[in-house]
Each structure stands twice: as C-alpha cells, then as structure tokens.
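Visitor: Before I ask anything, let me first share the structure, which is written out below as structure tokens.
Bear in mind that the values in this text are calculations on the coordinates, not laboratory data. In this text, all values refer to a predicted model and were calculated from it rather than measured experimentally. Cβ atoms come from the backbone with ideal geometry, glycine included; neighbour counts cover every protein chain shown.
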Amino acid sequence: MMVKVTLRNLAAHKLRLLLTAVSVILGVAFVAGTLIFTDTMNRQFDDLFNGIGQNVAVDVRAKKVVDGGDETITARPVPATLLERLRRVDGVKDPVGNVTGYAAIVGKDGKLLGGQGPPQLGVNWVPGGDLDLKTGRAPSGPGEIVIDAETAERAGYRVGDQIQVVVNGPPQRPRIVGLADAGHLMGATMAAFDTPTAQRLLLKPGYFSDISMASAGVDERVLRDRVAAVLPAGYEAVTGTQMREDAKSDVAQLMSFFSIFLMVFALISIFVGAFIIFNTFSMLVAQRTRELALLRAIGAARRQITRAVIGEAVAVGFVGATLGLAVGAGLSVLLQSVVGIDGSGGLVFTAMPVIWSYVVGIGVTVVSAYFPARRAAKIPPVAAMRDDVALPQRSMRIRIAVGGALTAGGAVLMALGLGGVELGGNVMIPIGVGALAVFLGVAMLAPVISGPVVRVLGAVYPRVFGTPGRMAQRNALRNPRRTAATAAALMIGLALVTTVNVLGSSMRASVNAEIDKVLGADYLVEAQGQGGVDATAVKAVTAVPGVEQALPLYQGNGKINGKNAWFAAADEAALTAGARLEMKSGSTRLGTDGMMVDTDIAEARNWQVGTVVPVQFAGGATERLRIVGTYAPNQLLGPRVVAAEAFKKNTVNPTPFVLVVNTASTDAATMAALERALAGHPGLEVRDQAAFKESMSQQIDGLVNFLTVLLTMSIIIAAVGVINTLALSVIERTREIGLLRAVGVSRRQLRRMIRLESVVIALFGALLGIGIGVLFGSATQRALVDQGLTVLSVPVVTLAVYLVLAAVIGVLAALWPAWRAGRMDVLKAISVE
Amino acid sequence: MTHTAPTTDEGLAAPGAGDLAARAQQITKVYGSGDARVVALDGVTLGIPRGRFTAIMGPSGSGKSTLMHCMAGLDSIDSGTVLIGDVELNRLDDKRLTRLRRDRVGFVFQAFNLVPTLTALENITLPMDIAGRKPDRQWLDRVIDTVGLRPRLGHRPSQLSGGQQQRVACARALASRPEIIFADEPTGNLDSRSGAEVLGFLRDSVREMGQTIVMVTHDPAAAAYADEVVFLADGRIVDTMAAPTAEKVLERMKGFDLPGATSA
C-alpha cells in the first residue's frame, strides 16, 4: 500500500521529481564523466604503449639514481661500445641502440608545438623499430628529419618542408624527408634523426640512452640474467615486459593523480547536491504534512511513513543516476576535447562508472532524505484535522551546540593539517575532512545567523522596492532553515572559489615581493618546454651592445646525503649577478667543489661552513662537496646551490635553464636588441623583471582559473538549489499568491517579490562563502609562510565581483519560479485546497 | 439602460435606477465540454445598488460563487457583460484588471485572507501600499476602531483568532474605500459568535459609511444581515427578497431542495 502511495506521489509531482533529480544528475554526471574519461584515456595510453617495444626481450639502461623526474634526459647514457659486447651474448638477437631526448618542432607561427604536459620527443631512426614510415623515406645525415604524421598534420607540414627544431643546443633547420605513423600520441610530438645526428643533438656522440634487443628463442628472463652478467657497474638489464610496464606505470600514475584531482571536485559537487536534496525533501515533507498525518491517522506506522519517503528518495536517486550517467558520458567527451584529445577512439565503458553512478546517486539521495523522512514520521496524526500544523522542529539550541562543535572541530582539524599533521599519510585528509566539518557546522548554524543577516541585507528592500520588497525580505526570513540550507549550498562553492582566489592573489603578491627581493638580474633568458639555453644563444646575447654579463644558471637533481634532491648549479659570478643573496654565514666562493644551502637545510641537517657532503649526480658519479656558505631562503635559487664545475663534469649535455643578463641600461631599446639577438632561437624568451613577474602571475592565474572552472559545477548545482527552493515555495504559497493577486498585486510586482527573495538568499550564501573562503585562505597562507607564501593578499575587487555574480545568480534562479508564480490563475490559486 | 427583472420589480430599485455599483448583463459561464459540460451561469442579469448590502444565496452548485468571481473580475465569462461602475471588465487585460481590483474592489474570502508574513496593520494597508498610495489616516483610524483591532495591529495573522483574522480582512477591504466589496462566505469558517461580529461589522459599514457590499453565503442567518437577498439556482436568478430574516430565507431555501422546484 505504501509503495502505491509513494509511486502515486512521484507520478503526481513529476516536475518536483525532476527538479530534485537535477542536483543528483549534475553531481553524478561529474563522477561518471571523470571515470569514463579516465578509463578512455587509460585505454588510449595502453594502445600507445602496447605498440612500443613489441619485439624487445631485454633492455639495457643506466640504473636509476633519482626516482621520478625525467631521467631520459639526465640519466647516464649507455656507451655504444657495449653494443659489440652484447652481440656476443648467447641468445641476443639484433641489439639496437636507442637515443631519446628533447626535440621540439617549431610551428609555422614560430611557436613550439605541444609542450603542455605530453613530451616533445626526439629519437634516432631505427630501421624496423617502433616507427613505421607513412610517406617519404628514413632520415640520413644531419639535415634530415622524420616527424610523426599527426604532428605534421596539425602544423601543416609536408615532406620536403624545411622546419625548425629546438634541441638542447643550437636550433636546427632540417628538411622533412618522411612522415612516421606513430599511432595516437595524445599531444606528444616526435622527431626522428639518423642515429649519429640524434646522438650529437640529443645525447652525446658515441652513446645511447638504452640498448634494446630481441631474443633468439631464449626466455626473456634467462636472457636478462645472461646480459646482466656482462654489464659494467651502474647499468642494468630489464625484460621487455618490465620495460613496457615501467612506461605504462609512469603514465598510469599521472592519470590516477589527474583522476583523483577531478574526483575531489566531483565529490564537492555531490556534497553541494546533498544540501539541495535535503532541502527539497524537507520542503516536500512540510507540504505533505496533512497527507502524511492522514496516513498516520488511518493507521500507517512511523516506519511505513519513513519508508515511503525513503522510497521516493530511491526513485529520485535512480532517475538522477541514470540521467547523470548519460550526461557524464557527454561530459567526458568535453573533457577530452579540453585536454586536447580527439575522441576518435570512442569512449570506453566499464562497469565502474555505472556502479559508482548508482551508488553515489542513490546513496546521496537516500542519506540526504533520511532526516526529512524521520521528521515526516514524527508528524502527529492530529495534524490531519488541523489547519495550521507546524512540523515538530528541534530546538535551535541543539542546532547551535552541534553546529558549533562541528565548526570548531573542523577548524581544529584544518589547523592540524595546515600545521603538517598527517592523517592516513596525507595532510590533505585532515584539511579536507576539517573543511567538510566546517561547512556542515556553518550550514547548521546558518539558520541562526540568517535572521540578522537577511534583515540587514534586505533592509533597503522596503525603502527601494516598496511592499514587494518588504514581503520578499519577510519571505526570506520566514523559514530560516530553508533559507539557510539553500544559501549553504551556494556558500560551499563560493567559499572554495574564494579560498583559491585568496591563495592565488597571495601567491602573486608573495612571488612579486620575492622577485623584488631576490632577483638581481636586469633580464632573464628562459627556455620554454624542456629545452635549455644553448651556447650559441649565450654568445648571441653576450654580443648585444650594452650587455655587461650573461651568465648561466643550471638546475639538476641527484641524491644529496642519500636523499633525492633538486638543486641549482651556478658559478659565483652568475650567482652574485643574478640573485640577491642574503648570506648568513661563509661566502659565495663556490669554486669547483663548493655547495651552498639555505639556513633551513643547514639547521635541519646541522651543516656548517666546512662540512663535506656527498652528492650523487643523476649521471651516477658521487662528488664530495664542501659547504662554503649559508643563505636566507631564496625562492629564485631554491634551498641548494652546487658549484657549476662539479655539476657540468657529472652531467650529460649540461644546459642552463636560465641566463641572467645584466645590462648598462634597461630601456626598450635594450629589450628590443635582446629579442632580435634571440630571433633565431624560438625556444627562448627574454623577460625583464616586470615581464618575469607577469609570466609568473599568468601561471598562477591559469591555475586559479582552472580550479574556478572546476568549482563552477558546484555553483551551478547550488543555483539549481535556489531555483528548487523558490519553485517549491511558490507552490507552497499558491493561496497566498492568489490572495495577493486578488487584492491587486500585479504580475510584475509578484515577480519582483520572488526575484528579490532569491537575491537576498543568494547574497546571504555568497557572504557566508566569501567570509569562510577568506578565513580558509588566510589560514592556509599563514601556514605556508615558511614555504614562501609570505604576503596575504585578499582580492577585494574579485570578491566584490563574485558577490555581484551571486546576486545575478539569484536573479537568474528566480526567473522560472517567478514566471510560474506570475502565470498562476488567480481564481484557482485562491480556491486551492 | 434600465435594470431588468427580477431585480427591478422586487425592491432593488429603491436607491434609484442607474445608481448601480456593479452590473451583470446576460452573463453565461460554462465549464468543461461534451459530457462534462456544466453551465455554471445561464444568462444572469443583476444590478448591485450602491450603498446597500446584497446577499447572494443558493444551494451548493447553484453558481453563486461563480457569479461573484465573475462580477469581481477574478474569473472570465463566456458571454454577456460585467461592469464595475462604468468599466466593462471583459475589455480589460490582466494589468488593467489587476489595477481595477486593487483600486476599486475589496475582497473578503472564506479563509486564508491574510499574508502570513505581514502584520495586521500591514495587511490592512496592503492594497494601498502596492499601489504606492498613502492611506487616508483619519479613515484608517475609523476603520480600525470600528473593527476594534487597535491593540492587535502589530500581530501576525498566526497570532490572531479566526474571528480577528476575518475582521482584519474586512478592515483591509474597507481601508481603501473601494466602490464595492465582494465577500465570499466570510463567516464560513467562524463560530456563530465571531460570525455575528463580522456580519454586524459589515452591515454597519454599509449603514454608517455608505459602503457597497456583495456577500455570497449559504447560511440564512448570515443572509439576514443583508438589505436584499438574491436567490440563485442552477445558474439562474430565481428570486429576490428585501428586508430578509433568517426564517424567511430558510423557508425560501427549503423550496430549492425539492427537485424541479427552481422551475416553479
């Protein structure tokens, strides 16, 4: 019987059902979209990697010194002479030396192709290797190149074109002699030279990045052991299976990081959606008080009432999850195009997105509807006979106590997380859980504070908008819980957006302050992508009139004192010319075997001037470096500076990542002259201090915008919530609206009344959100002062814009409910039961 | 234009022909179509004289509420003409109709008369506030004192009894001095004492302030407060009665319960 009641109810209120389902749909779509996208990407990467090294049984490469990072560029190369020795190992067939390095193809517009994540690969052409010629012929000699067909098509290059290629060295101008079919590279670019050219440009003459070989019928594990026996120290042999797995797992790791990242935002959307669902069900229960009381009066048990409401939630969740899954598939196509991948391969559907969509969709709906369902069961049967029954409301005191405790507990958790306390091995977990608790706590407290805040916000309404204004303000105050829950949904999105903006703005301000403090150079010449500043560029810059110094800074990774570490490498002149160092002890005299560290490291390791520290470079060799000085933390150089001599001696193809330039004057003419000098180096960019700051700001802005876009989803869901609340309120107030129309309120006045109510709710949510966001942001900034986030900057103008946007959201959300209210038939409205 | 039977002959002509606050001429109203077709009003012609208290009576389904809704501009008619003063309602669009209701008509409904978020005083001045007009202070004071609600003006409707709520509704209807007030079963939800208070108040406003009131009711005791009673059955006016008493009205009403009595 109760099932029938539930079903009838759903059928009778299709619109209501759909409105509730929308928030489920959007949240589920985000989850499903992320999962489908990840699955699809993984399959494409699998396809890509399965095509690589199919015939390789064993691969010989340098032992890894440093985990992670791009060891193809910094690792110790394999000497070509090893090839002969391997050929003599029993069972080895066709050993081939491979060269892999950095080679970026320059497009027709003078800009490097690719480089936003996927690698710009340079390789040697191996006959019978992974690359198949599509058109043309194999490269031979220094002036010839084969590029992958996909990149060629994208850039509009054909066989016979002379193109520019940027490598770790002087730019090259080879001619395309062939196009290779490299499969789907997903944004990576590939350039192949003949082996001697590749060695010279990408690595080191007489060396390979690795040597791969097939097997003459021997099991690859047996062969691996045989090969390993003849290898010199520092090299290792791995099976082909292992090699392919390694390549895959790097990408899989990246993908899973990206997937988790997106999932966090999907969960935020779901969390916001839960508020909407909770609110909608609360309102539905309130509207059906009499009906539910009647059911109770004729003998339905409390459990049955609860079950009927929960049953409705299951149905809404099911519908929402189903539609959300479909929308999610569309979303994943959109994601693909945003990432720059064409969806020609089609989407991959596994069971996971389907299962999770239903688990999340139905789960969230049921959990959110649980409290309203419980409340529904508490409706006394006598309510059926009375006209005006208020649902039993729990006292505000309990609410204040629980909300306050949640807020305080959440704040403490966040503080612990920001202070570096880990939970489950991650500081993000206490911070995230803490933020969640704060949101819930504030949402619980919101009804208490909504009264005064809405009264203040709406104070101007009666004066400016007359009676509709007064009624709008009162309507917003009418049900503080409802107003608060609606506003809370908007609060979450805006709080996170505000946090991101406060942090972004603080980062910008901190970086600018840091640049002023530490950057001594007039100009910086920086390499784009993974390339460096080669010697010809240094020469060109030095030759510019007015240039007094043009000195290279290097960066590298290795193991210092047995731990992975990044470091800068420079000689003393470059150091003092480029950076303003605040020395705490010792001097900058790095010499050939010196090292400097900042005071943090020095204290942590108890190092002093004169301490000797073993440093293992990525190439494998270990040097004993002497600490010559300590300096105050410096963002430009980082915590460690190694003598350039020591770095260059132990690094293949050492290339500076930045050139510090000091000039006699810093006017436009000098800048123009520098740019002219670097015209032949498309991979390099010259920046003065202002432009350097600007480029840093742009990177930060890019990140802030990206995060804001991801958070927009939760704001859209919140807007749907406002629509929902208003639409249901309009239905609930049908008779009141009828009365107002009867006594002469015009449609316009009625619409304005609803619009104003919507705006005040939206503004309340926005104010809460922005307030919390500023607190979150400044707390995070405080916690990260040591990491260089020294300046707190609250972007007041941006936040004001968000406040205005919230008002606009309010107006937009009210459009449909207001239209509906205005269209209501007066007579029907006043005679509705 | 002379007012026509039956109102002419039976005493409604007393204040003088032509001085009518509202008129209905040959109006018909049909709901549904085919088998479900119901003729709610079947060529009703009626004049509401100014400064009088007119009651419209009839059994359930006689069309009395429909007649009132149509005359008040809340419902549309299928044929005929409705005038309030000299304004023909059929020709007005929603905007003008709304303005007419706001400025020239007052309403008292059976229930749910007040906006729950507004205080009693705010409810009383609501139509004028919407119009952006200043209420006439003296008049307002007089109305408030007449309904006897001065100590309760700051209360919300939920803090008032049913009788008090209806008195606030009456005060609202009176406050803007409309040409005509339509009351739809104003005492339907009240006990007899509160009902008598409200009805007495309505009658006094006609006698002392010269207000025009049309009231729909099915309660003979309520109808007895009116100056004239118009009887409606099956969408037609079947009788009128001047100076009604509860007994006379009840007697007349009994006739409707018999099948075919209306055609007699």
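Visitor: Which of the listed residues, B:Val168, B:Leu190, B:Leu41, is farthest toward the dipole's positive end in the range B:8-256, when Lys, Arg count +1 and Asp, Glu count -1 at the beta-carbon?
Guide: B:Val168
Visitor: For A:744-755, what's the mean count of beta carbons from other chains sitting within 10 Å of each residue's beta carbon?
Guide: Whole-number average of other-chain Cβ neighbours for A:744-755 is 4.
Visitor: Among A:Ala664, A:Val613, A:Asn653, whose Cα lies farthest out toward the positive end of the dipole of the range A:532-682, if unit charges sit on the beta carbon of Lys, Arg (+1) and Asp, Glu (-1)?
Guide: A:Val613
Visitor: Can you list the HN-Hα couplings for the range B:20-30, worked out from phi with the Karplus curve (6.51, -1.76, 1.60; θ = phi - 60°), rounded to whole Hz and with x for Gly and Pro?
Guide: 10, 7, 8, 9, 10, 10, 6, 8, 10, 9, 10
Visitor: For A:Met471, B:Met209, what's the fewest-to-most ordering of other Cβ within 10 Å of each Cβ?
Guide: B:Met209, A:Met471
Visitor: I would also like to ask the following. Can you count the Lys pairs in chain B with C-alpha separation below 27 Å, eight or more apart or on different chains? Walk me through the numbers before you get to the answer.
Guide: Values: B:Lys29/B:Lys64; B:Lys29/B:Lys95; B:Lys29/B:Lys254; B:Lys64/B:Lys95; B:Lys64/B:Lys248; B:Lys64/B:Lys254; B:Lys95/B:Lys134.
Lysine pairs, 8 or more places apart or on different chains, close enough: 7.
Visitor: In the range A:203-310, what is the volume of the convex hull around the alpha carbon atoms, normalised per residue and reported in Å³? Can you show the working numbers first?
Guide: Values: hull volume 24.0 nm³, N = 108.
For the range A:203-310, the hull spanned by Cα atoms encloses 222 Å³ per residue.
Visitor: Starting at the first residue of the range A:303-320, write each ³J(HN,Hα) from the Karplus equation 6.51 cos²θ - 1.76 cosθ + 1.60 with θ = phi - 60°, in whole Hz, x for Gly and Pro.
Guide: Karplus-based 3J(HN,Hα) across the range A:303-320 equals 4, 5, 5, 4, 5, 4, 5, 4, x, 5, 4, 4, 5, 4, x, 5, 4, x Hz.
Visitor: Indicate the gyration tensor shape class of the range B:140-185 (rounded, prolate or oblate), computed on the Cα atoms with a ≥ b ≥ c the square roots of the eigenvalues: a/c under 1.5 is rounded; otherwise a/b larger than b/c is prolate and the rest oblate.
Guide: Because a/c hits 1.5 or more and a/b fails to exceed b/c, the range B:140-185 counts as oblate.
Visitor: Could you tell me how far the Cα centroid of the range B:33-67 sits from the Cα centroid of the range A:75-117, in Å?
Guide: 97
Visitor: So what is the relative contact order of the range A:532-682, in percent, for Cα pairs below 8 Å that sit 6 or more residues apart?
Guide: Relative contact order here is 35 percent.
Visitor: OK, next. Once you have a ≥ b ≥ c as the square roots of the Cα gyration tensor eigenvalues for the range A:56-240, tell me rounded if a/c is under 1.5, and otherwise prolate or oblate according to whether a/b is larger than b/c. Before the final figure, lay out the partial values.
Guide: On the way: a/c = 2.12, a/b = 1.80, b/c = 1.18.
Because a/c hits 1.5 or more and a/b exceeds b/c, the range A:56-240 counts as prolate.
Visitor: Right, something else. Averaging over all projection directions, find the projected area of the Cα convex hull of chain B and quote it in nm² with one decimal place.
Guide: 14.5
Visitor: Something else now. When you look at the Cβ of every residue in A:591-602, what mean number of other chain Cβ atoms sits within 10 Å?
Guide: 0
Visitor: Next up: Work out the P(r) tail for the protein assembly as shown: percent of alpha carbon pairs separated by more than 46 Å, whole number.
Guide: Working: 313867 of 601156 pairs.
Of all Cα-Cα pairs in the protein assembly as shown, 52 percent lie more than 46 Å apart.
Visitor: Using the number of other C-beta atoms within 10 angstrom as an exposure proxy, rank A:Lys14, A:Lys63, B:Lys29 with the fewest first.
Guide: A:Lys14, A:Lys63, B:Lys29
Visitor: Taking the Cα centre of the range A:532-682 as origin and charging only Cβ (+1 Lys, Arg; -1 Asp, Glu), how large is the dipole, in debye to the nearest 20?
Guide: Dipole of the range A:532-682, to the nearest 20 debye: 420 debye.
Visitor: Right, next: Counting alpha carbon pairs within less than 8 Å and at least 6 residues apart, what relative contact order, in whole percent, applies to chain A?
Guide: In percent, rounded to a whole number, it is 16.
Visitor: Now for a different question. Take the alpha carbon gyration tensor of the range A:532-682, find the square roots of its eigenvalues, order them as a ≥ b ≥ c, and report rounded if a/c is under 1.5; if not, report prolate when a/b exceeds b/c, else oblate.
Guide: Cα axes put the range A:532-682 in the prolate bin.
Visitor: What share of the DSSP beta bridges in the protein assembly as shown is antiparallel, in percent to the nearest 5?
Guide: 70
Visitor: Please report how far the C-alpha centroid of the range A:266-295 lies from that of the range B:69-100, rounded to the nearest whole angstrom.
Guide: The two parts, judged by their Cα centres, are 41 Å apart.
Visitor: For A:Gln555, enumerate residues with amide H under 5 Å from its amide H, sequence gap 5+ or separate chain, H modeled in the peptide plane.
Guide: The list, which skips near neighbours in sequence, is A:Ala569, A:Phe657.
Visitor: Something else about it: Before rounding to the nearest 500, sum -39500 (n - 2.57) across all DSSP H runs of length at least 4 in chain B and divide by the residue total; then give [θ] at 222 nm in deg cm²/dmol.
Guide: It comes out at -10000 deg cm²/dmol, rounded to the nearest 500.
Visitor: Let me ask you something else. Find how many whole Å separate the alpha carbon centroid of the range A:581-619 from the alpha carbon centroid of the range A:460-491.
Guide: 63
Visitor: Let me ask something additional. Please state the charge dipole magnitude for the range B:8-256, taken about the Cα centre, from unit charges on C-beta atoms (+1 on K and R, -1 on D and E), reported in debye and rounded to the nearest 20.
Guide: 780
Visitor: Percent of alpha carbon pairs in the range B:58-127 separated by more than 18 Å?
Guide: Numbers: 1162 of 2415 pairs.
Counting every Cα pair in the range B:58-127, those more than 18 Å apart make up 48 percent.
Visitor: Taking beta carbons within 10 Å but only from partner chains, what does the mean come to for residues B:64-72?
Guide: 1
Visitor: When the convex hull of the Cα atoms of the range A:690-833 is projected onto a plane and the area is averaged over all directions, what value comes out in nm²?
Guide: Averaged projected area of the range A:690-833's Cα convex hull equals 11.0 nm².
Visitor: What's the whole-number percent of alpha carbon pairs in the range B:135-264 lying beyond 23 angstrom?
Guide: Working: 3185 of 8385 pairs.
The share of Cα pairs beyond 23 Å in the range B:135-264 comes to 38 percent.
Visitor: My understanding is that a pair violates if its Cα-Cα distance is over 26 Å; which of A:Lys108/A:Lys693; A:Lys93/A:Lys559; A:Lys64/A:Lys539; A:Lys204/A:Lys539; A:Lys63/A:Lys93 do that in this structure?
Guide: Too far apart for the 26 Å limit: A:Lys108/A:Lys693; A:Lys93/A:Lys559; A:Lys64/A:Lys539.
Visitor: If you don't mind, another one. Per-residue ellipticity at 222 nm for chain A, helices alone: DSSP H runs ≥ 4 residues times -39500 (n - 2.57), over residue total, nearest 500 deg cm²/dmol?
Guide: Rounded to the nearest 500, it is -19500 deg cm²/dmol.
Visitor: If each residue's Cβ is checked for other Cβ atoms within 10 Å, how do B:His69, A:His13 rank with the fewest at the top?
Guide: Working: B:His69 25, A:His13 17.
Ranking B:His69, A:His13 by Cβ neighbours within 10 Å, fewest first, gives A:His13, B:His69.
Visitor: Size of the dipole of chain A about the Cα centre, Lys and Arg at +1 and Asp and Glu at -1 on the beta carbon, nothing else charged, in debye to 20?
Guide: That gives chain A a dipole magnitude of about 4900 debye.
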